[in-house]
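Right, one structure below, let's go through it.
Each reported figure results from applying straightforward, stated rules to the coordinates on display, with no laboratory input. Predicted model only: the values in this text are computed from it and were never measured. Ideal geometry is used to build each Cβ from the backbone, glycine not excepted, and the neighbour counts take in all protein chains shown.
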Amino acid sequence: MPYISKSFLPIIIILCCSRVLCGAPLIDGTRSGDSYGAPLAVQTVQTGFGDNTFGPTGTGNELDVAYGRIEGGTLYLMLTGNLQDNFNKLVLFFDSKSGGQNTLDTDTANGGTNPVVDPSPFGSDPGMFAKMATSPFPSKFDSGFTADYALILRHGFTGSVNRFDVDYAIVGGGVTGASQYLGVFDPTSANSGATSTGANSAPISVGFNNSNIAGIDAGTGPADQTAAAAVTSGVEVAISLADLGSPAIGSTIKITALINNSNHDYVSNQFLSGLTPPQNNLGSDGFGNFEQNKTSFDLSLLAGNQYFQITVIPEPSSLLLLAASALALIGRRRRLA
Ligand SMILES: [Ca+2]
Ligand SMILES: [Ca+2]
Ligand SMILES: [Ca+2]
């Protein structure tokens with residue numbers, strides 16, 4: 001047991017009590033009552049993918065704020081905003097261990113190392129990595145970001161059912177490095193559910209509440225960050241740290257969040273951390289016009305870092321043990337004095 005100054009004890013005890021008493025976030029698509037703490041990233045650009053002014057069945061897509069928390073070996077993420085019910089994608093890339101891909105590789109069906117992930121249901125259309133890695137250039141992250149894992153979240157009506165879907169992928173994970181979960185829940189009648197297991201060792205919990213009609217507006221200019229910070233609903237995820245490579249205490253998990261279209265071939269201007277305004281959708285021709293098969297992004301060429309980060313902290317049980325040991329030690333020192 002290392003010597004711990006008495007002056008640190010109140011800090012340790014407050015840390016223990018606040019985390020233990022607050023408990024883990026409730027995965028329901030809102031951050032209300034969850035004690036996520038300060039934002040990890042606030043949107044900087046208005047949305048080029050439409051503003052939701054209608055409610056849960058509206059057609060907007062926006063990322064307002066990213067929040068995160070680590071509790072009980074699980075990473076909890078809350079991304080406030082909206083996702084259109086047409087299977088537009090919220091894509092999360094995680095840099096949570098050494099190694100990984102700063103430039104995305106294609107998938108195993110095309111001679112690469114990445115699993116085939118979320119291929120379009122139409123014909124022989126390839127999956128996300130094959131598109132992002134090839135057209136018109138290989139997608140690249142900011143300097144120092146090497147992607148290790150990815151999640152794709154989306155919802156829509158198939159013609160017969162309403163589904164909220166999740167894909168989990170191990171970047172560089174080969175043929176078996178991904179699992180797809182279709183219809184984790186029906187977002188028109190529920191706001192949370194959990195995947196089973198596969199390439200991921202533990203179920204991934206997801207929550208979704210599309211009721212936001214405020215937050216940022218449509219456009220390409222600077223986002224109203226006060227309005228963004230006021231949004232409480234959106235997409236919420238809980239994923240085991242084991243399925244992010246078991247990052248060590250004290251290490252940092254970096255996350256790039258972005259919204260893409262339903263076919264992974266028209267990247268929006270909604271990233272967290274955000275792009276620098278004025279900024280149109282990356283998949284456009286620069287004027288907001290659709291460019292077929294322009295599917296990639298190069299974040300190293302765009303100002304600022306398009307990722308946010310969260311530090312892996314000790315478990316509350318470890319903190320409590322530390323505090324108890326420190327208290328016992330101080331009691332012993334007092335008796336000896
Ligand atoms: Ca990495
Ligand atoms: Ca809005
Ligand atoms: Ca950048």
Q: Quick one: dipole size for the stretch 139-252, taken about the Cα centre, charges +1 on Lys/Arg Cβ and -1 on Asp/Glu Cβ, in debye to the nearest 20.
A: 160
(Q) Rounded to whole Å, give me the distance from the Cα center of the stretch 211-227 to that of the stretch 154-194. (A) 27
Q) What is the dipole size for the stretch 46-175, taken about its Cα centre, with +1 at each Lys and Arg Cβ and -1 at each Asp and Glu Cβ, in debye to the nearest 20? A) 100
Q) Across the stretch 55-67, in residue order, what do the Karplus-derived ³J(HN,Hα) couplings come to in whole Hz, using 6.51 cos²θ - 1.76 cosθ + 1.60 with θ = phi - 60° and x for Gly and Pro? A) x, x, 9, x, 10, x, 9, 7, 10, 8, 9, 9, 10
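With a 10 Å radius around each residue's Cβ, average the other Cβ atoms per peptide and rank 226-233, 82-89, highest first.
Order by mean packing, descending: 82-89, 226-233.
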Q) Quick one: if the Förster radius is 41 Å, what FRET efficiency do ALA109 and ALA230 give, using the C-beta to C-beta distance and rounding to 0.05? A) 0.40
Q) By how many nm would the segment from SER98 to ALA242 grow when fully extended, if each residue of separation counts as 0.36 nm and the alpha-carbon distance is taken off? A) 50.4 nm
**Q.** Over 17 Å [Cα-Cα, the stretch 119-236], rounded percent
**A.** 68
